[in-house]
Amino acid sequence: MTTFVLFGGTGDLAKRKIIPALYSAFLNGRLDSKFAFFGAAREALSDDEFRERVAASISSHVQPDSSGSKEQLNALLALTFYSKIDARIDADFVELKKKIPDPGSNSTLFYLATGPDIFVPVVQKLSEHELVGHQARVVLEKPLGRDAQSARDINQALRSYLKENQIYRIDHYLGKEMVQNLLALRFANLFLEPLWNRKWIHDVQISISEQVGVESRGEFFDRTGTLRDMVQNHLLQLLSIVAMEPPVNAAPDSIRDEKVKVLRALHKFTPEEVPKKTVRGQYRAGAVNGEPVIGYQNEPGVPAHSRNETFVAIRAEIDNWRWAGVPFYLRTGKRMASRSAEITVNFKPIPYSIFGASQRNLRSNRLVISLQPEESVELFLKAKEPGEGIRLSDVALNLDFAEVSTSRRVEAYERLLLDAMRGDLTLFVRDDELGAAWDWVDPIMTAWQNDAEGLKSYIAGSWGPAASSYLLAQNGSSWGEEFVES
């Protein structure tokens with residue numbers, strides 16, 4: 001039997017992501033017949049009132065063609081319960097313990113979809129009331145901490161009550177199908193390995209762009225910012241998988257060992273380097289998909305004169321033999337021209353062209369790995385256009401995963417929930433990974449705090465501040481969409 005307890009069960013993340021993922025797993029027979037789901041939050045609700053919210057969440061956030069039947073929904077709701085929980089009140093945990101069938105066992109999963117400030121108080125109460133013991137698992141949402149020291153303080157406190165293999169630090173990007181394919185692409189295809197180094201690669205670009213603004217998260221986001229919300233976790237996790245050395249096997253710690261080495265090898269910026277190698281921006285009023293949108297400082301919950309960043313671009317470098325001298329460009333922002341997540345590996349140009357001007361204006365070979373909105377891998381080669389003479393153009397060898405496989409696509413949160421229930425730590429972040437990522441981000445945050453004039457503005461619906469293009473132009477590069485538009 002599996003018991004799933006969701007702290008923050010009435011929150012936005014629960015409604016948008018976690019509950020729909022749980023329902024999808026239930027519909028597809030991935031949960032055992034004795035499964036039980038408990039929502040937990042400070043609000044006083046009955047089981048039936050919480051079930052109504054679960055049903056509303058599924059109705060709003062599950063696609064109609066994947067929503068199953070009314071009978072299937074009712075079957076999940078029959079396994080759904082609620083427990084009022086305040087991290088300061090012992091009696092609430094006493095009541096929770098009475099409801100859970102086998103408290104403290106390895107069949108119990110606690111998911112903390114809350115702010116990091118209450119991670120330790122909740123785990124402390126769970127431990128004091130013998131709800132976690134030495135077997136139950138605890139999933140922690142990002143961001144864990146606000147900087148390196150606070151993250152270490154939280155991890156140290158958690159280890160007073162839990163072993164490391166009981167802690168599942170979630171980063172939903174690691175649950176994406178294409179991120180799994182990154183490992184397969186790198187370590188199951190021999191022809192790529194001889195090219196995967198500084199000798200053949202000019203630069204690597206990792207870009208996550210969002211069209212949405214801060215939505216209902218204005219107050220939270222203004223305390224967090226894009227550097228903490230996206231770079232410290234999602235982008236650095238993708239970078240570590242792209243740049244890691246081959247692990248000795250596919251065991252969770254073998255993979256995570258190699259990722260940590262990459263994060264520790266990232267060149268840490270001096271205060272003088274930060275303004276030269278980073279760009280931060282904030283969107284102002286503009287238009288997205290032809291619809292007018294307000295600027296960040298006019299968003300609900302955002303202070304009128306906020307200096308918080310909604311866009312970040314960074315030129316990162318890895319100080320090791322494989323990657324020395326190869327720039328890794330990281331970019332992410334809200335209210336950008338389109339929604340996408342891509343990794344582009346730009347190879348170096350050929351040393352000499354026998355075709356003269358016909359190749360001069362073409363981009364070098366590149367490998368484009370798309371994570372969203374569609375998952376694909378494209379290898380761009382040069383080929384002759386039909387007709388007289390030799391005129392070259394780019395031709396893409398395209399692997400479209402929607403076309404090559406009819407298997408059901410498992411969404412990131414569903415995959416990670418099931419992995420946590422099985423006790424598979426591969427796609428979760430280890431404490432030393434988290435610490436190494438914060439150690440690299442901290443100097444950037446400190447320098448930004450001391451640079452009041454460094455925040456650029458950009459029009460909503462654009463590709464961010466012009467300074468992010470200059471960051472690449474210094475190395476003879478450009479973002480993908482700029483090359484297409486030029």
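Looking at the stretch 238-257, I want the residues that are farther than 25 Å from Glu317 by Cβ and have a partner that is in a loop (DSSP other than H, G, I, E, B) with Cβ atoms under 6 Å, at least 6 apart or on another chain. Which pairs are those? As it stands, the answer is Pro252/Leu425; Pro252/Thr426; Ser254/Pro247; Ser254/Val248, since those pairs meet every condition given. Taking the conditions (1) at pLDDT below 95; (2) over 22 Å from Asp419 (Cα atoms); (3) surrounded by 18 or more Cβ atoms within 10 Å (Cβ to Cβ); (4) among the hydrophobic types (A, V, I, L, M, F, W, C) in turn, Phe35 satisfies each one other than (2).
Looking at the stretch 368-388, is at least one residue part of a loop (DSSP other than H, G, I, E, B), over 16 Å from Leu238 (Cα atoms) and in contact with a Phe, Trp or Tyr (Cβ under 7 Å, 6 or more places away or on another chain)?
To start, the set of residues in the stretch 368-388 that are part of a loop (DSSP other than H, G, I, E, B) comprises 373-375, 385-388.
Okay, now just the ones that are also over 16 Å from Leu238 (Cα atoms), so 373-374, 385-388.
Subsequent filtering for residues that are in contact with a Phe, Trp or Tyr (Cβ under 7 Å, 6 or more places away or on another chain) retains none.
No, because not a single residue in the stretch 368-388 is part of a loop (DSSP other than H, G, I, E, B), over 16 Å from Leu238 (Cα atoms) and in contact with a Phe, Trp or Tyr (Cβ under 7 Å, 6 or more places away or on another chain).
Of everything in the stretch 47-95 that's touching a residue at least 40 places away in the same chain (Cβ under 8 Å) and touching a strand residue (DSSP E or B) at 6+ places or on another chain (Cβ under 6 Å), which residue is farthest from Arg409 (Cα to Cα)? Out of the qualifying residues, it is Ile85. crowded, with 22+ Cβ neighbours inside 10 Å and not hydroxyl-bearing (Ser, Thr, Tyr), is that true of Asn233? Taking the combined requirement at face value, the residue satisfies it. For the stretch 318-342, the candidate set comprises residues that are of a type in the set (A, V, I, L, M) and either outside any loop (DSSP other than H, G, I, E, B) or under 14 Å from the mean Cα position of the chain (by Cα) (or both); within that set, the residue that is farthest from Val288 (Cα to Cα) is Ile318. The set of residues in the stretch 411-461 that are assigned to a loop (DSSP other than H, G, I, E, B), over 24 Å from Ala113 (Cβ atoms) and not polar (S, T, N, Q) comprises Asp451, Ala452, Glu453, Gly454, Ala460, Gly461.
Within the stretch 182-227, restricting attention to residues that are among the basic types (Lys, Arg) and modelled with pLDDT of 95 or more, the residue that is surrounded by the most Cβ atoms within 10 Å (Cβ to Cβ) is Arg198. For the stretch 306-317, the candidate set comprises residues that are assigned to a loop (DSSP other than H, G, I, E, B) and in contact with a helix residue (DSSP H, G or I) (Cβ under 7 Å, 6 or more places away or on another chain); within that set, the residue that is nearest to Asp222 (Cα to Cα) is Asn308.
The criterion of at least 1 residues that are under 26 Å from the mean Cα position of the chain (by Cα) is met by the following strands (runs of 3 or more DSSP E) wholly inside the stretch 32-121: 36-41, 108-112. Kindly establish whether Phe26 is closer than 22 Å to Leu126 by Cα and either aromatic (Phe, Trp, Tyr) or part of a helix (DSSP H, G or I) (or both). Taking the combined requirement at face value, the residue does not satisfy it. Go through the residues of the stretch 5-23 one by one and say whether even a single one is assigned by TED's automatic domain parsing to the domain that holds Lys97, on the phi > 0 side of the Ramachandran plot and surrounded by fewer than 19 Cβ atoms within 10 Å (Cβ to Cβ). Looking through the stretch 5-23, none of the residues is assigned by TED's automatic domain parsing to the domain that holds Lys97, on the phi > 0 side of the Ramachandran plot and surrounded by fewer than 19 Cβ atoms within 10 Å (Cβ to Cβ).
Looking only at the stretch 273-286, decide whether some residue is closer than 30 Å to Gly11 by Cα and hydrophobic (A, V, I, L, M, F, W, C). Walk me through how you get there before you give the answer.
Taking the stretch 273-286 and keeping what is closer than 30 Å to Gly11 by Cα, we get 280-286.
So of that shortlist, the ones also hydrophobic (A, V, I, L, M, F, W, C) come out as 285.
Yes, that holds for at least one residue.
Close Cβ contacts (under 6 Å, 6 or more residues apart or on different chains) running from residues in the stretch 189-212 that are within 12 Å of Trp323 (Cβ to Cβ) and among the basic types (Lys, Arg) to residues that are in a loop (DSSP other than H, G, I, E, B) and modelled with pLDDT of 95 or more comprise Arg198/Trp323; Arg198/Ala324; Arg198/Gly325; Arg198/Val326.
For the stretch 99-108, the count of residues that are crowded, with 21+ Cβ neighbours inside 10 Å and under 30 Å from Arg223 (Cα atoms) is zero.
The values are calculated or read from the model by the stated rules, or taken from the named source; none is laboratory data. Only a predicted model underlies this, so the values are computations on that prediction, with no experimental measurement involved. Cβ coordinates were reconstructed from backbone atoms using ideal geometry, including for glycine residues, and neighbour counts include every protein chain displayed.
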